[in-house]
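Please read the structure below before turning to the comments.
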Amino acid sequence: MLALIPPATLFLFLAPVLVGLAGTLLPAFGYLPAIGATGFSLAPWRSLFDWPGFGSALRLTLSVGVLASLLSLAGAVALVATLSGTRWFARFQTALTPLLASPHAAIALGLAFLIAPSGWIVRLISPELTGWTRPPGDLVTIRDPHGLALVAGLLTKEIPYLAIALTAALGQVPAQRLIACARAMGYSRNTAWLKLVLPRLWPQIRLPFYAVVAYSLSVVDQALVLGPGNPPPLAVLAARWFSDYDLAQYLPAAAAGMLQLGLVVTGLLLCRCVEFALAKTGRHWLERGRRSGMGEWLLPLAAAPTAAVLAAGLLALLALALWSFAASWPFSAALPRSWTLAAWMSASGRLQSSLEATCLIACAATLIALILCLGCLEQESRRARKPGNGVLWLLYLPLLVPQIAFLFGLQVALVRLRLDGTLVAVIWAHLVFVLPYVFLSLADPWRALDPRYARGAASLGASPARILFTVKLPILLRPILVAGAVGVAVSIGQYLATVFAGAGRIATIATEALTLASGADRATIGVLGFAQSVVPLLCYSLALTLPRLIFANRRGLA
């Protein structure tokens, strides 16, 4: 029975991606029987290319994706290199938790409150520094045509993600010994980190960085809040056409989804080519033996603005909370003049229904993912055979393929199976994205478990099932709960998966918050955005607290 879990797992999270890609590829070339298009043609591509804002949408997609990816990597490397090995490093990791737990959409809504012309930053410095007594009408800070606000929103999420990936990789590299040896030979600390530590970390963070590149090139949820609307990025344009009442728009939308896939694949291939080029030039740089260089001043210089971006992300979450409780907050007051629960009371009906659906979907998808991952890891340990890099690439496949490129095709398949708009369909769609994160969070702790525990129990006559339930699972309860919290956080942030699989009939906190994002009721938006951030944080808190309560009388397990 256990041997069936790995192939079943691969089917459950790969089949929707492959079927969805096929279901989007066919309409991209004119085949969509639902509207009577049964022949193959290039008309969808001509319609896409002839759209008046296509060139601007493509340039915006590329500029935002490239800039956000490069700055995220540079910022994460600068912060980890500067703080690792210092007493500030643990505090830095703790400060990243709210940003990691909060969904992309919640961060975007908070940033909009923070950097808007009438936002919190302008209120804090007005009128003393600006002279403004009313919001400036000619200042464009969100939805700017160059997508800089969208880049800022992406940075606040992707820098913490890459920083945590670097931190996890640091645990498998003797970084401090390498730096000490290099410093004994006259190298500065920063130069030693770049020359000796970073090259060893890169193979372990390559796939996380590729996931950042793919997401930055195809982001939708943050782009709906912070990105320009006319023309929007390519992924938003495709999503807009997919939701159009005119079914004929599905054809150019599918072409846009396939083009989005092509952009991501090209971007990842270019990243790989740049890696080879940097490996050659980096080897020459290492052989020259210079004891100092740009790294001496470049890392601290990059760390300062990166820390400012992360601080802005934390302030954005605080801004959501302030707006949700503000009764009166006229411009240019730095803080609300009075407080109220009116917004929470008025939004209670919408919040309750969407919160119930959100928690049900997140818990179901996470529980299924945990069962599948534990089954795969237990089968792996019993066979004493660790999967190769190919399996790791398969795990990252749903994170590397743009959502807009396969979710429409998946919706078509769900319609044929009569599952569209059902909770089962939405849970399955969320599982596609939850399962990779749960497995990646759980795999290293599971593989690091000392095998002598299982051998000792087996020598006392315990069966493999009893060893699993009475030895392994209690010892690994904390990593399991943390992986579950990660899965819940990923599920709560899913927007496109809910919209397509739910056919617009299932409302979650993410869909409700983004539906209201363009409205003027900041208090209600603050309520939904703040709730979307609080639920994952509560799950992380429970994951860290429950083992202490359950195993309070057992040393080491708490």
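The values are calculated or read from the model by the stated rules, or taken from the named source; none is laboratory data. These numbers were taken from a predicted model, which means no experiment stands behind them. Note that each Cβ is placed from the backbone with ideal geometry, even for glycine, and that neighbours are counted across all protein chains shown.
Things to note:
- Flag for Pro232 being in contact with a Gly (Cβ under 7 Å, 6 or more places away or on another chain), part of a loop (DSSP other than H, G, I, E, B) and either at pLDDT 90 or above or on the phi > 0 side of the Ramachandran plot (or both): no
- Residue selection: Ala8 satisfies the criterion of being surrounded by fewer than 16 Cβ atoms within 10 Å (Cβ to Cβ) and outside the structural domain of Gly229 (by TED's automatic domain parsing).
- Total residues in the stretch 301-359, condition of a type outside the set (A, V, I, L, M, F, W, C) and farther than 29 Å from Leu423 by Cα: 11
- Against the test of being surrounded by fewer than 17 Cβ atoms within 10 Å (Cβ to Cβ) and either assigned to a helix (DSSP H, G or I) or not assigned by TED's automatic domain parsing to the domain that holds Leu109 (or both), the options Thr281, Thr306 yield a single qualifying residue, Thr281.
- Hits in the stretch 470-503 (condition: surrounded by 21 or more Cβ atoms within 10 Å (Cβ to Cβ) and either among the small types (Gly, Ala, Ser) or not assigned by TED's automatic domain parsing to the domain that holds Arg455 (or both)): Ala483, Gly484, Ala485, Gly487, Ala489, Ser491, Gly493, Ala497, Ala501, Gly502
- Look at (1) under 25 Å from Val197 (Cβ atoms); (2) in contact (Cβ under 8 Å) with a residue 60 or more places away in the chain; (3) not aromatic (Phe, Trp, Tyr) and you find that Cys273 fails only one, number (2).
- When the residues of the stretch 28-48 are filtered to those that are part of a helix (DSSP H, G or I) and touching a residue at least 24 places away in the same chain (Cβ under 8 Å), the one that is surrounded by the fewest Cβ atoms within 10 Å (Cβ to Cβ) is Ala34.
- Number of positions in the stretch 504-536 that are among the basic types (Lys, Arg) and surrounded by 18 or more Cβ atoms within 10 Å (Cβ to Cβ): 1
- Spans of helices (runs of 4 or more DSSP H) in the stretch 464-534 with at least 1 residues closer than 26 Å to Tyr215 by Cα: 477-492, 496-501, 509-515
- Residue match in the stretch 324-336 (condition: among the polar types (S, T, N, Q) and modelled with pLDDT of 90 or more): yes
- Qualifying positions in the stretch 100-147 - within 19 Å of the chain's Cα centre (by Cα) and free of Cβ contacts under 8 Å to residues at least 12 places away in the same chain: none
- Taking the stretch 413-461 as the range and being under 22 Å from Gly388 (Cβ atoms) and over 21 Å from the mean Cα position of the chain (by Cα) as the test, the residues that pass are Pro445, Trp446, Arg447, Ala448, Leu449, Pro451.
- Among the candidates Arg183, Arg200, Arg206, Arg240, residue that is more than 27 Å from Leu301 (Cβ to Cβ) and either part of a helix (DSSP H, G or I) or of a type outside the set (S, T, N, Q) (or both): Arg240
- Single match in Ala223, Ala235, Ala180 (criterion: among the hydrophobic types (A, V, I, L, M, F, W, C) and over 21 Å from Ala517 (Cβ atoms)): Ala180
- Boolean, Leu25 is surrounded by 21 or more Cβ atoms within 10 Å (Cβ to Cβ), among the aliphatic types (A, V, I, L, M) and either over 23 Å from the mean Cα position of the chain (by Cα) or not assigned by TED's automatic domain parsing to the domain that holds Leu417 (or both): no
- Matching residues, the stretch 309-357, being closer than 21 Å to Gly119 by Cα, among the small types (Gly, Ala, Ser), in a helix (DSSP H, G or I) and in contact with a helix residue (DSSP H, G or I) (Cβ under 6 Å, 6 or more places away or on another chain): Gly313, Ala316, Ala319, Ala321, Ser324, Ala343
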